[in-house]
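Please read the structure below before turning to the comments.
Read-outs throughout are calculated quantities, based only on the coordinates presented, and are distinct from any laboratory measurement. A quick note: this is a predicted structure, and the numbers were derived from the prediction, not measured. Neighbour counts run over all protein chains shown; Cβ positions are idealised from the backbone, glycine included.
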Amino acid sequence: MRRGTTLTEFIIGEQRGFAHASGGFTALVSDLQLACKHIAYLVGKGALAGALGRSGSENVQGEQQMKLDVAANEIFLRTTQWGGHLAAMVSEELDGPYQIPKQYPRGRYLLVFDPLDGSSNIDVNVSVGSIFSVLRAPEGVSEPATEDFLQPGSAQVCAGYAIYGPTSMLVLTFGRGVNGFTLDREIGEFIITHPDLRIPEETSEFAINTSNERFWEPPVNRYVAECLRGRSGPRGKDFNMRWIASMVAEVHRILVRGGLFMYPRDTKDPKRAGRLRLLYEANPMAMIVEQAGGAASTGRGRILDVAPTELHQRVPVILGSKAEVERIERYHREHEQGLDRPFASPLFNTRSLFRGG
Ligand code: F6P
C-alpha cells in the first residue's frame, strides 16, 4: 500500500529549496515533532499513565499546573536542548529564558512554546495541544536574555501547533502556506493529510466565552449582538456559536472550516490586556492564520506587528476569516470615532432596547 509523504520527507523537501540551508532548522523541526509525538502518547494514555490531575504547583503566572503541563514542558526541553540548534528557550511554564545546558552546543534559533495549551480540558478528555514559535537569535548573542526574545511576531521563522484530539495532528508554517500532518500511530510518523490549508474568507460561526459579556468593550458587544440577531438582524444571516476553551482546538476548527475566534480585551482584570499570551499563543497562531489566508488582530491592529515588552505579556486576540476580523477592526475604529453610539450606550446591554430587534 502506498503511504503519504511523511513530515520528515516534507521538511527535507523544503530544505532543498534553500541552497545555503545547513539542515539545522530541519533537524530542529524534527526534534519538535518528536516532542509532540511523545506528548501525544502521554495525553492518549491519560489516567492509565497516572498523568491526569493537578501537579500541586503553580506556574509563573499563578496558574495551577496540571501534571501533564509539567511533563509536557520537560519533554519539550529535553527533546530540543541537545541538538545544537537552539540558543535558548522560553516556555509558558518557566519564569525566564531557559539556557541550553553547558554540555550541549548552542545554535542560532530561539524556541518559544506553550507545552500544553487548554490544560483545563485534560481531565475532561477534550482536545488540548502544544503551540510553538521559532525566532532567530540576534547575531553575536551567546546567552540570550529576555530582550532577545522580545521580537514581533512578523519575525517568526516557523510557527506550529500539535492538537491531541481523536487524532493527533501537527500543523506547521514556515512562511509559505500552512500544512497539516496526521500522526499514524502504527508507523509512528506524521503524514501530510491537509496540504495548503486555506481559511474561507466568509463565515457564519464565531467563538467567544460569553460568560465575560459584561466585561467586553462596545465593539465586541456590537459584533456579537449583531450575530445573535441572525437573519432578521443587520447581518441578514443566522450564526452558529462554539466555545471549546482550548485555543488549539478553536484555531484548528477555523483552519478546517472557517470561523472567528475572539478572546478580546475586557475589563475583568484591568491589569491584563487580554487573556492569551503574545509570544507563545497569539503570535504563532496569528502567523498560521495569516499564512492560511485569514487575519489576526488585537481589534486595533495586526497581532504580528505588536512590539512585545514582556515574555509573558497578554494580548487581545481576534482571528479567523478575514472579512469578519476586518469588520471587528472597523467596529473598533468606529467606536473610537464615536460613530457607533447606540452600541456604546449602556442601554445596549439591557434586554428591551437593542436585543431581540
Ligand atoms: O490559556 C489559554 C486557554 O486555555 C486557551 O486555550 C483558551 O482559548 C482559553 O484559555 C480559555 O479561556 P476560558 O477559561 O476563559 O474559557
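Pairs of Lys residues in the chain, spaced 8 or more positions apart or belonging to different chains, with C-alpha separations under 22 angstrom: 4 in total.
Computed 3J(HN,Hα) for the stretch 191-208, one whole-Hz value per residue from the Karplus formula 6.51 cos²θ - 1.76 cosθ + 1.60 where θ = phi - 60°, is 10, 5, 10, 10, x, 6, 5, 10, 8, x, 5, 9, 8, 10, 9, 9, 10, 7, glycine and proline marked x.
In the chain, the longest principal axis of the Cα atoms and the axis of helix 218-228 are about 80 degrees apart.
Tell me which GluC sites (Glu not before Pro) from the stretch 1-68 have a DSSP coil assignment and no more than 16 other beta carbons within 10 Å of their own.
Numbers: sites: GLU9, GLU14, GLU58, GLU63; in loops: GLU63.
Here the sparse-neighbourhood loop sites are GLU63.
In the chain, the calculated helix contribution to ellipticity at 222 nm averages -8500 deg cm²/dmol per residue, counting -39,500 (n - 2.57) for every DSSP H run with n ≥ 4.
Using the beta-carbon distance between MET241 and SER55 and R0 = 35 Å, what value does 1/(1 + (r/R0)^6) give for FRET efficiency, to the nearest 0.05? Please list the in-between numbers first.
Values: r = 33 Å, r/R0 = 0.94.
It comes out at approximately 0.60.
Relative contact order for the chain: 14 percent, from Cα pairs under 8 Å spaced at least 6 residues apart, divided by residue count. The string of couplings for the stretch 42-49 from the Karplus curve (6.51, -1.76, 1.60, θ = phi - 60°) is 5, 4, x, 6, x, 4, 5, 9 Hz, one whole number per residue in order, with x for Gly and Pro. Once backbone amide H atoms are built at 1.01 Å from N, GLU189 has ASP184 as its partners under 5 Å, excluding neighbours fewer than 5 places away on the same chain. What is the stretch 205-292 by shape, rounded, prolate or oblate, if you read a ≥ b ≥ c off the alpha carbon gyration tensor as root eigenvalues and call it rounded for a/c under 1.5, prolate for a/b larger than b/c, and oblate otherwise? Oblate, since a/c reaches 1.5 and b/c is not below a/b. Computed extension length for ARG231-ARG78: 49.8 nm, one decimal, from 0.36 nm per residue of separation with the Cα-Cα distance subtracted. Under the combined filter of DSSP loop state and at most 15 neighbouring Cβ atoms within 10 Å, the stretch 62-161 retains these trypsin sites (Lys or Arg not before Pro): LYS102.
Under the shape rule built on the C-alpha gyration tensor, where the axes satisfy a ≥ b ≥ c, the stretch 7-194 is oblate, since a/c reaches at least 1.5 while a/b does not exceed b/c. In the stretch 205-336, a dipole from Cβ-located charges (positive for Lys and Arg, negative for Asp and Glu) runs towards its positive end, and of TRP216, ILE328, GLY233 it is GLY233 whose Cα lies farthest in that direction. Using the Karplus relation 6.51 cos²θ - 1.76 cosθ + 1.60 with θ = phi - 60°, the per-residue 3J(HN,Hα) values for the stretch 164-178 come to 9, x, x, 10, 9, 10, 10, 10, 9, 9, 10, x, 9, x, 10 Hz, with x marking Gly and Pro.
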